[in-house]
Structures are given as structure tokens and as C-alpha cells.
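Since the structure comes first, as C-alpha cells, the remarks are kept for the end.
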Amino acid sequence: MRASQLFARTLRDAPAGEEAPSAQLLLRGAFVRKVMAGVYTFLPLGLRVLRKVEGIVREEMDAAGAQECLMPGMVPSEPWKATGRWQAYGEDMFKLTDRAGREIGLGPTHEEVITPIVDADFSSYRDLPVNLYQIQWKYRDEPRPRSGLIRGREFLMKDAYSFDKDADGLREAYRKMVEAYRRIFERCGLDFRVVEADPGLIGGDVNHEFMAPADIGEDLFVHCTACDYAANVQAASSRAPEGPPDEDLQPMNVVETPGRATIEAVSEFLEIPPERMLKCLLYRAGDGLVAVLVPGDREVNEGKLARALAPSAVEMLTDEDFRRAGLVRGFVGPQGLEGVTVIADPHVRAGANWVTGANKEDHHATGVNVDRDFRVDRWEDVSTVQDGDPCPRCDEGTLRVGRAIEVGHTFQLGTRYSEPLRARFLDEDGKEREFLMGCYGIGVSRIVAAVVEQHHDDAGIVWPKALAPFDAVVIPTNMDQEDVIRTAEALYGELRDRGTEVVIDDREVGAGVKFADAELIGFPLALVVGSRGLASGVVEAKFRATGDRRDLPVGEAAEAVPGLLAEAP
Ligand SMILES: [Zn+2]
């Protein structure tokens, strides 16, 4: 490819409104152009990268025994209504109406399409297992599309669906997919962690996320400093503290705290650190009321709370609920709460002499102690883990919180979809059974952005060799010198003949512009042909990742390139 013909006008500055480094660099490097919020065109350079990610994903999925198919982007509403997801997705799903008034969706995922197809064509346990995948554009009406390709409204995904006759089969299908995912992310040059994910209200099912650590990431995950425990913050636990503390119990006292209705305000007013205060939050769970207790420096994790109270739906109390229960918002404590289920986080066991609401306007109680002053009906892990908490799995480690981009998600669905869609087969005994399903997603276009987030510097992108749009760029520095152009063209031609993916920067621009663009676009290797080097019979090879330079004799340069590329990360 000739740079003079390549459709790639690089930009000196990123367009306003793009904050993620990957979005800025992919726009500046002419990989993508924004069409509207959350929707991008892949230009020739960007499409080459996207195709390389696709190629890796396809190879590993095929090697793991999955079979590629292609489902439509447009999906009928009926099966989505049967699984409840037409309603559950709500406005996050693009919905349209055709000329006959039929409701149609743009698929954010495809369980509702593939399950009826497998059900129609496979009727016996002898047909199983099968794993079908596709690489297809997906749609999601994000309320706030941002971070370029990380959270778009149209995005390329690989999604696979496994169908098995029993739990062992499902576990084996799942294991194969997790192994394939590890190889995919390794080959893409991503630093990643496999973390335990929030199972949501489905509960119980095994579920992992593949997280690429990045400052811009929207997901928080914890990992242990000593063992391999890692989990999404929404799902993570820490080791429950020992308790009770070795501390004399004080008598309970009620003190005035005029107008102080928050932990911070009371903590400041009474000069008591937040961790000595007892946060008491009220929720409605089904028909009942629930009080949730956590130390004042911790947050209630509503995902964990929802799982602890499932299948009841959990909602915060309204002002009307407070009034009816005779409780004062901002001054609630667990003392003497009647007709309310009191749930406490294990961290509460390790504290004593709490300061909490006195159930009276503008008053708090001090010296409040569990069992003596209030009862706990259920001990449940309902708080969000914090940086520095002890690991739940080993004795030595502490948990660290990091930001990451979710690049993959694997899920043992069980009969979550086969049941409502009545997708069944006949087992060995001639009995009808529901398929046991797994689903496995990878954000193909999101990988492009995640790799840039992890591999860039001030000058631009540093593509891992496996994803770079081209392996090398040949840069003639003096376009007015015959021998420079002739040598560069010969090198370019020879590299092409040898199958190297190479660009020659034959533009009539200064060498500085060519160097800057080569670094911005991120070719793993630059081959610089200049009059000074030629005077000593050499071409200079420069590695993008390390900045290392090496002089190659002109006659041996093309031959040396495969070896140099093998050295590049
Ligand atoms: Zn650990």
C-alpha cells in the first residue's frame, strides 16, 4: 500500500468531546470516523485491525469445535416477549415497527433467535452437543454512549451458544470456551483477568467476565495480592472480620444532632470517624420492610442485597413509606424496630458502641450495641468490598480495586432460555428435557479499543504485531533524491514479494511528518531510507514498541525484516 493513495488523513488533534485515549488515537490515526453518538465508520486502517481481531476469534472458536453461522441483526419480538427480555431490556433495545405493524428489534444478543432454530432441527440427545457462533453487529440504545468503541450503540460481537444434554456436558462446553477465550486475549496482546461476575437475579449459575485493566474502564474489579482470586466489585466478597471487639460496652445515650441527617454531617458534628457509625438503610422487599446495617464507611451493595432477598424485588423506601412506618428519614436506627426484618453485614459483628439514628428527628444514639440494643434477624454479606479488605480465599492477601474494560463474558445459562422457549429434546429414556445452554460473548470492536488503551504512548498507538494494520512502513526521508527513492521502492517491492504487509510512505511531505504519522498509526517496524544512511550503505530499522534502532546493510534489509518482526512484541 502506498501512503500517497491510502485513505488515511491523520489529525493533529483529537476532535472535541472524545475523552478516552483510544477514541482520540483511533480518530487521529484515521482508523475510524464518528458518524453519530456511539456509531463509527471503520476506515481502511481500522477495518484491517478489526479483521485481524475477527480472524483470531474465528480461528480459536473453530479450533474449540464451535461452528460459525450468521443470524440477522433484525429480530422478531415474540420470542423476546416469551423470555421476558422485550420488557426487561426496555429502552436499551432498539425497537421498530414494520409496515404491517409488527414489532421488530435490533438484536443486542441472540439467544431468542438461535434457541428456536436448534430446537426445530435437533430433537434427540444423539444430536448433542452443539455450539454455534457468529460475528455480527449488535445494537444497544445506550443512554450515554461514550469512550468511542468501548461503549457504542452499534458494535461488533462474537456470540456463541452451546446446547448440551446434561450438566457435565455444559461444564465441558464452558471449559472449552474459557480456554479459547484465554488464547484469544493472549493472541490479541491484551493484559486480562478472568473474574467472577455478578450472576444477577438468575442466581447460582457460573459466570465469568474477562477484564482488561485500563484507567478508562467502567467496570471495577478486585484482585488478591497473594492468590488468583478476582471478581467484579458487584460480585466480590471479602473475608468476614472477627468479632466481637475487645471493648467495654458503653451505656446507650441519645444526643442532639440538629439538621445532621448524613453520615458525614454527624461524623463531623460529633467528631466520630465514619467507621464508628452504623448506617441503617430501609428498603421495601416484596410486601415487607427491611433494614440493612453496614458500618458508616461502607456502601450497601444493592446487587448482593437483591440476591439475598430474591425473588422479592427490592426498592428504596419512599417518603410515604417512611411516614406510614412512623420513621424519620436521616435519623433511623435499628433499636426497637418492629415489623421490620433487620439484615446486618458481617462487618457489623466486629464493631461496638455504634453511633446511629435515634428514630427521632434531629437526634442520634451513641453506645449502641448488637443484641443488647438491637436484634439482627439475618447476617448477610451485603456490603461492597473496599481496597485493602482481606481476601476471602487465602490468609495472606489483601484485595486491590482496579478499573477495567469488560472484553468477554461467559455464562452457564442452564434452562434460562430453553424453558420459556420450550426448547426440548428426547433423552436416552425417551423423556422430553430442556436443552442446557451456555452463552459466550466477546466484544470484537471493543477489543480494538481495549488494546489501544493498554498499548499507547504520547506519540500514538503501539499495536501488538498480531493486530497492527500493517507490519512495517518504509520511509524514504529525502523525496528529492533519486537513490533514496529507488532504494526505498526496491525494499518495498521486495517486502511485498516476501508477503510482508507493508506501506511505503511515498508522500511529498517532510520526514518529520512521516515519522510522526508512523508513530501515531503504530506500525511495529519502520524502515528508514535516508541519504545519510545510504552513504554508509545502511537502512535504519526502528521498533515502535521499544524505540530500538538497528542498521541493516541495504542489500540484506528485506531479508532481515521477518526476523526483526519476530522480535517485535
Ligand atoms: Zn487471596
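The values are calculated or read from the model by the stated rules, or taken from the named source; none is laboratory data. As the structure is a prediction and not an experimental result, all values here were calculated from the model. Note that we place each Cβ from the backbone using ideal geometry, even for glycine, and neighbour counts take in every protein chain shown. To get the accessible areas, we keep the full protein, side chains included, count just its heavy atoms, and leave off ligands, DNA and RNA. Shrake-Rupley method; radii C 1.70, N 1.55, O 1.52, S 1.80 Å.
Here is the list for the range 292-362: GluC sites (Glu not before Pro) lying in DSSP coil, each with at most 15 other C-beta atoms within 10 angstrom of its C-beta, are 299, 338, 361. Taking the centroid of alpha carbons for each part, the range 213-268 and the range 315-377 are 17 Å apart. Relative to the dominant Cα principal axis of the chain, helix 482-497 is inclined by about 60°.
Here is the list for the range 470-522: trypsin sites (Lys or Arg not before Pro) lying in DSSP coil, each with at most 14 other C-beta atoms within 10 angstrom of its C-beta, are 498. Remark: the range 379-518 carries 41 Å² of accessible area per residue (probe radius 1.4 Å; ligands, DNA and RNA excluded). Subtracting the Cα-Cα distance of residue 324 and residue 183 from their residue separation scaled by 0.36 nm leaves 45.0 nm.
Along the charge dipole of the range 471-544, which of 495, 537, 477 sits closest to the positive end, that is, farthest toward it, with unit charges on the beta carbon of Lys, Arg, Asp and Glu (+1, +1, -1, -1)? Looking along the dipole axis, the top candidate is 537. Considering only 160, 243, 174, the residue lying farthest towards the positive end of the dipole of the chain is 160, judged by Cα position with unit charges set on Cβ.
Relative to one another, the C-alpha centroids of the range 437-459 and the range 468-543 are positioned 29 Å apart.
First check a/c for the chain, with a ≥ b ≥ c the square roots of the eigenvalues of its C-alpha gyration tensor; if it is under 1.5, answer rounded, and if not, answer prolate when a/b is larger than b/c or oblate otherwise. Because a/c hits 1.5 or more and a/b exceeds b/c, the chain counts as prolate.
Normalised by the number of residues in the range 251-393, the mean separation of alpha-carbon contacts (under 8 Å, six or more apart) gives a relative contact order of 30 percent. For the range 94-184, the residue among 149, 108, 120 whose Cα projects farthest onto the positive side of the dipole built from Cβ charges is 149. The value of relative contact order for the range 25-91, using C-alpha pairs under 8 Å at least six residues apart, is 15 percent.
In the range 423-452, whose amide N lies under 13 Å from the spot 7 Å out along Cα-to-Cβ of residue 120? List them in ranges. Under cut-off, by backbone N: nothing. A helix-only calculation puts the chain at -8000 deg cm²/dmol for mean residue ellipticity at 222 nm, using -39500 (n - 2.57) for each DSSP H run of at least four residues, averaged over all residues. Grab the beta carbon distance between residue 33 and residue 483, set R0 = 35 Å, and tell me the FRET efficiency rounded to 0.05. About 0.35, to the nearest 0.05.
Sparsely packed loop sites in the range 148-219 (the GluC sites (Glu not before Pro) outside DSSP H, G, I, E and B with at most 15 other Cβ atoms within 10 Å) comprise 218. Straight-line cross-link partners of residue 431 among the aspartates and glutamates, defined as a Cα under 14 Å from its Cα and at least 8 positions apart when in the same chain: 166.
In a simple Cβ point-charge model (Lys, Arg +1; Asp, Glu -1; nothing else charged), the chain has a dipole of about 1320 debye relative to its Cα centre. To the nearest ten degrees, helix 111-121 and the longest principal axis of the Cα atoms of the chain are 80 degrees apart. Listed as lacking a disulfide-compatible partner in the chain: 69, 188, 280, 439, by the criterion of no other cysteine Cβ under 4.7 Å. Using a cutoff of 8 angstrom between alpha carbon atoms and counting only pairs six or more residues apart, the relative contact order for the chain works out to 17 percent. Rounded to the nearest 10 degrees, the inclination of helix 511-521 to the longest alpha-carbon principal axis of the chain is 40 degrees. With each label modelled as a point 7 angstrom along the Cα→C-beta vector, the residue 494-residue 275 pair spans 6.7 nm.
Once a ≥ b ≥ c are taken as the square roots of the eigenvalues of the Cα gyration tensor of the range 368-423, is the result rounded (a/c under 1.5), prolate (a/b larger than b/c) or oblate (a/b not larger than b/c)? In terms of gyration-tensor shape, oblate. For residue 304, the aspartates and glutamates whose Cα comes closer than 13 Å to its Cα, not counting residues fewer than 8 places off in the same chain, are 198, 345, 380, 381.
Once you sort the root eigenvalues of the Cα gyration tensor of the range 103-176 as a ≥ b ≥ c, which label holds: rounded (a/c under 1.5), prolate (a/b larger than b/c) or oblate (the other case)? Prolate shape, in that a/c is at least 1.5 and a/b is the bigger ratio. Which lysines have a Cα lying under 21 Å from the Cα of residue 158, excluding residues fewer than 8 positions away in the same chain? Output for residue 158: 52, 138, 176.
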